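Single-structure report; data block below.
The values are calculated or read from the model by the stated rules, or taken from the named source; none is laboratory data. Small disclaimer: the values here were computed from a predicted structure and weren't measured. Note that each Cβ is placed from the backbone with ideal geometry, even for glycine, and that neighbours are counted across all protein chains shown.
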Amino acid sequence: MQALDAYCTALVNTSSGPRMIDVETDYLPRVVNCENGAADQAALEVQAVAARSYLYYRLDRTGDINDGTNDQVYGCARSPGPQHLAAVAATAGLVLRYPPDTAATQVAAFYVAGAFPDPVTCIGGANDPTNTERFVTYNQGRSGTDVIQTPLGLVNPTNHANRGCMSQNGSDCLSEQGRTFDEILRFYYGEDIVIERAVGACVPEMMSPDAGTDGGDGAGEVDGGCSTGGSSLGGALLALWFLTRVQSRRCRRYA
């Protein structure tokens with residue numbers, strides 16, 4: 001598989017005008033914090049992958065991204081904490097792609113707040129204060145054209161960029177149940193979603209213990225858990241996060 005080039009900087013249309021912003025150390029930690037900052041750890045990692053995927057989708061097509069709920073919120077009043085930095089570092093460079101071949105399309109990893117979930121199934125119920133559950137897709141066990149697409153994008157089986165939509169409330173529920181970030185991603189975007197690591201100067205070299213199980217060289221692919229053994233920054237931030245972590249639950253607004 002040909003390596004996917006990482007976007008190390010991004011042109012972000014902020015309230016003060018367009019700015020070139022470092023993706024991995026500035027843009028993504030702030031987006032994770034602004035979009036779902038009080039979530040459980042694996043849900044923060046899922047948010048990092050979804051936000052990076054949507055960023056890459058926009059940059060591939062328009063060359064820029066807006067700061068706001070029409071794209072992703074970067075400029076909220078809160079500064080990212082160690083848990084947000086750690087979530088980005090733990091998933092450095094990871095994006096969603098489909099289908100699993102050399103012609104893979106960059107997935108627009110849509111996400112919304114979603115309804116408050118059932119505590120057992122983590123599927124959204126009737127309590128939907130943001131009226132966004134209608135966009136959420138539940139694709140656990142689904143593959144190929146069986147994957148449910150979200151009306152937030154063009155619903156067409158040939159549109160590989162639309163592989164569904166995540167519930168942020170639901171991802172927090174799944175994380176608190178002990179699901180890993182890749183399991184949560186497949187819960188919403190399908191069993192055959194490709195979790196690929198982009199390659200670039202801003203992405204430290206990391207190895208997944210399950211990468212390359214298809215017999216190839218495994219370059220850039222992640223299947224199952226992802227180790228941060230190659231990143232002292234990620235390990236240090238994760239250690240700090242687990243030492244300072246405070247459990248909290250809250251209602252996520254629409255993003």
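Taken over segment 75-98, the criterion of being at pLDDT 95 or above and not hydrophobic (A, V, I, L, M, F, W, C) is satisfied by Gly75, Ser79, Pro80, Gly81, Pro82, Gln83, His84, Thr91, Gly93, Arg97, Tyr98.
The residue that is nearest to Glu35 (Cα to Cα), counting only those in segment 134-146 that are over 18 Å from the mean Cα position of the chain (by Cα) and not polar (S, T, N, Q), is Arg134. The set of residues in segment 3-46 being of a type in the set (Asp, Glu) and touching a Gly at 6+ places or on another chain (Cβ under 9 Å) consists of Asp5, Glu24. With respect to being closer than 22 Å to Cys202 by Cα and either surrounded by 23 or more Cβ atoms within 10 Å (Cβ to Cβ) or among the aromatic types (Phe, Trp, Tyr) (or both), Tyr56 fits the description. Going by what's in this entry, would Val95 be described as among the β-branched types (Val, Ile, Thr), touching a residue at least 24 places away in the same chain (Cβ under 8 Å), in contact with a helix residue (DSSP H, G or I) (Cβ under 6 Å, 6 or more places away or on another chain) and not in a helix (DSSP H, G or I)? So Val95 passes the test.
Going by the conditions given, is Ala38 surrounded by fewer than 19 Cβ atoms within 10 Å (Cβ to Cβ), free of Cβ contacts under 8 Å to residues at least 12 places away in the same chain and either in contact with an Asp or Glu (Cβ under 7 Å, 6 or more places away or on another chain) or among the hydrophobic types (A, V, I, L, M, F, W, C) (or both)? No, not satisfied. In this structure, Tyr7 does not satisfy being aromatic (Phe, Trp, Tyr) and either surrounded by fewer than 19 Cβ atoms within 10 Å (Cβ to Cβ) or closer than 18 Å to Tyr189 by Cα (or both).
Which of the residues spanning segment 63-79 are in contact with a strand residue (DSSP E or B) (Cβ under 9 Å, 6 or more places away or on another chain) and not in a strand (DSSP E or B)?
The answer is Gly63, Asp64, Gly68, Asp71, Val73, Tyr74, Gly75.
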